[in-house]
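Engineer: The structure's right below; bear with me while I get my questions together.
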Amino acid sequence: MGRIPTWSKWLIFVIVFITTIAIPALVLEGPAQAWGAEALAWAGDNPSQVSLLVVLALTADVMLPVPNGMTNTLAGAVLGWFWASVVVWLGLCLGTLFGYSVGRFAGRPLARRLVGAGDLEEAERMTDSVGVTSLILSRPVPAVAELVTLAAGITRMRFSTFLLTSAAANLGVAVVFAGIGAAALESGSATLAFVGAALLPALLWLGYKRYVR
């Protein structure tokens, strides 16, 4: 099977973006605001449960399609900038350690089942060719971040290098997205929340893909 043309990939991205984010946001604007207010009220009364859910979701991100941008931004809105940064950083670090461990100790068979053979091979190529730089740049990128942690384990990147690099990069991701969420709540800006939850992750994904081409 031949490679998918670049214009087709862009078309697919635009269609998915419009049908899964833009249209639902416009159609459900009123109900979504009401549900959001109720959810924020509950979360404000249960910060410990919210923190635990965020950590568990980010840890399981290798196996589950967790929308990190949305999770991290909502954490900032609910928990406040400082505490959300700590919680998101912890969840991201546990997720990277889990992905690295699966790649290193379970090897290719399990990793291939989790992410698919094609994505795994792409991640391995990126890790082999770019190494630490790839690990840093991929941390805020949806889907790619998890692939690179798996590949780092499979290619046996030095653990101390992996740990320090990913921890530093995760801190930057946590601070930025939690800050966007906290600022969105404080200013009452749905647009700012949308930037952190959907637009910024999409732009980071496109930018990374362009970088590694």
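The values are calculated or read from the model by the stated rules, or taken from the named source; none is laboratory data. Note that this is a predicted model, so its numbers are computed, not measured. In this analysis, Cβ positions are derived from the backbone assuming ideal geometry, glycine residues included, and neighbour counts consider all displayed protein chains. The protein model used for the area step is the full one, side chains on, heavy atoms only, and it has no ligands, DNA or RNA in it. Shrake-Rupley method; radii C 1.70, N 1.55, O 1.52, S 1.80 Å.
Engineer: Test of understanding: among ALA111, ALA84, which residue is at pLDDT below 85 and touching a helix residue (DSSP H, G or I) at 6+ places or on another chain (Cβ under 6 Å)?
Structural biologist: Values: ALA84 fails: at pLDDT below 85.
Going through ALA111, ALA84 in turn, the sole match is ALA111.
Engineer: Further question: With the requirement that a residue be closer than 17 Å to LEU192 by Cβ and more than 14 Å from the chain's Cα centre (by Cα), what does the stretch 63-84 give you?
Structural biologist: GLY76, ALA77, VAL78, LEU79, GLY80, TRP81, ALA84
Engineer: Hey, another quick one. Taking only pairs six or more apart or across chains, which ones have beta-carbon atoms under 6 Å, a first residue in the stretch 174-197 that is outside any helix (DSSP H, G or I) and buried (at least 20 other Cβ atoms within 10 Å of the Cβ), and a second residue that is modelled with pLDDT of 85 or more and not small (Gly, Ala, Ser)?
Structural biologist: Pairs found: none.
Engineer: Please specify each residue of the stretch 132-146 satisfying the condition of being over 14 Å from TYR211 (Cα atoms), assigned to a helix (DSSP H, G or I) and open to solvent by 20 Å² or more (accessible area, probe 1.4 Å).
Structural biologist: Result: VAL132, GLU146.
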